[in-house]
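Notes follow once the structure below has been shown.
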Amino acid sequence: MIVAITGRPGIGKSTIFSKVAEALKAHGYTLYGFYCPEVREGARRIGFRIVDINTGKAGWLALSIDKVTQLGYNPHGKRIGRYVVIEEEALQIGINALRVSTKENSVLGIDEIGPMELSMPKLREEITRSLVEARRALLVVHRNLNDKVILDIFRKRNAKVYTVTELNRDSLPNMILREFI
C-alpha cells in the first residue's frame, strides 16, 4: 500500500506527514526512510536538510547559492532553482535511510520525493527500489512529480494520492491514518 500526499508549497504536507508518522509509531509501526525539512535564517530559507527517520542522522540536501561557499561546500554542484545539491551528504544519509530492513510492521516514509531528491541518480534508484519493496509507504510528493518510473509504480501498486487544501488539511491526518490501521 502506498499513500502519497501532495499539494502546493506551504499548504501543510509535511505537517500531515509528521502527524501520521507519529500516530503510526504510537500504533506500534516502525518507520524508516527520510524527511527533508527546510532550514531558515530569520525569514529567509537557506536550504534543506536530509534526516534519517530511524537514526536521526542528518546532512545537507541542498543549500542556497550564497550559503554553499560560506559553509565550505562546492558551489559548482547540481543546481535546482536557487539551490545547490550537496550530493555526497544527501546520498550518504538518503541511501542508508532507505536500506533499513523491512519488518512486518514497517512503513517506508519519505518527505519528500521531488526535484532535489530525484536529481541524484543513485538516490532516485534507491527510492524506486524502496517503493517496489516496501509493504507500506507514506510519502510526500512534489505537486509536479513527473518521473515516469515512480508514477508507474504508483499505478501498479494502486497508490492513494491525497491533495492537501485549506479545506481538508485538518481532517487528512485521520483519513490517512485509517488507510494504515
- prompt: If the Cβ limit is 7 Å and pairs must be 6+ apart or interchain, which residue in the stretch 163-181 that is under 21 Å from Arg135 (Cβ atoms) pairs with which residue that is in a loop (DSSP other than H, G, I, E, B) and of a type outside the set (A, V, I, L, M)?
  reply: Phe180/Arg136; Ile181/His27
message: Out of the residues in the stretch 36-49 meeting the condition of being among the hydrophobic types (A, V, I, L, M, F, W, C), free of Cβ contacts under 8 Å to residues at least 60 places away in the same chain and assigned to a strand (DSSP E or B), tell me which one is nearest to Ala137 (Cα to Cα).
response: Val39
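Quick grid of which residues meet (1) surrounded by fewer than 18 Cβ atoms within 10 Å (Cβ to Cβ); (2) touching a strand residue (DSSP E or B) at 6+ places or on another chain (Cβ under 8 Å); (3) within 25 Å of His27 (Cβ to Cβ); (4) touching a residue at least 60 places away in the same chain (Cβ under 8 Å):
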position: Ile80; (1), (2), (3), (4): yes, yes, no, no
position: Ile93; (1), (2), (3), (4): no, yes, no, no
position: Met120; (1), (2), (3), (4): no, yes, no, no
position: Val132; (1), (2), (3), (4): yes, no, yes, no
position: Arg135; (1), (2), (3), (4): yes, yes, yes, yes
position: Val140; (1), (2), (3), (4): no, yes, yes, yes
position: Asn144; (1), (2), (3), (4): yes, no, no, no
position: Lys148; (1), (2), (3), (4): yes, no, no, no
position: Phe154; (1), (2), (3), (4): no, yes, yes, yes
message: When you scan the stretch 54-70, do you find a residue that is buried (at least 18 other Cβ atoms within 10 Å of the Cβ) and among the polar types (S, T, N, Q), even just one?
response: yes
task: Quickly run through the stretch 136-181 and pick out the residues that are under 23 Å from Glu22 (Cα atoms), of a type in the set (Lys, Arg) and part of a loop (DSSP other than H, G, I, E, B).
output: Arg136, Arg169
message: Thr30 - would you say it is in contact with a Lys or Arg (Cβ under 9 Å, 6 or more places away or on another chain), modelled with pLDDT under 95 and of a type outside the set (Lys, Arg)?
response: yes
task: Kindly indicate whether any position in the stretch 99-110 is surrounded by fewer than 19 Cβ atoms within 10 Å (Cβ to Cβ), more than 16 Å from the chain's Cα centre (by Cα) and aliphatic (A, V, I, L, M).
output: no
statement: Residue pairs qualifying under the 8 Å Cβ cut-off, at least six apart or on distinct chains, with the first in the stretch 10-35 being closer than 13 Å to Leu177 by Cα and the second being outside any helix (DSSP H, G or I) and small (Gly, Ala, Ser), are Phe17/Gly109; Ala21/Gly109; Tyr29/Ser106
query: In the stretch 50-73, how many residues are in contact with a strand residue (DSSP E or B) (Cβ under 8 Å, 6 or more places away or on another chain) and either touching a residue at least 60 places away in the same chain (Cβ under 8 Å) or under 27 Å from Leu31 (Cβ atoms) (or both)?
result: 12
statement: Considering the stretch 5-35, residues that are of a type in the set (Phe, Trp, Tyr) and not in a strand (DSSP E or B), and then whichever is surrounded by the fewest Cβ atoms within 10 Å (Cβ to Cβ), we arrive at Tyr29
statement: Scanning the stretch 67-98 for residues that are in a strand (DSSP E or B) and among the aliphatic types (A, V, I, L, M), the one farthest from the chain's Cα centre (by Cα) turns out to be Val84
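The values are calculated or read from the model by the stated rules, or taken from the named source; none is laboratory data. Note that the structure is a prediction, hence the values are computed from the model and not measured. Neighbour counts run over all protein chains shown; Cβ positions are idealised from the backbone, glycine included.
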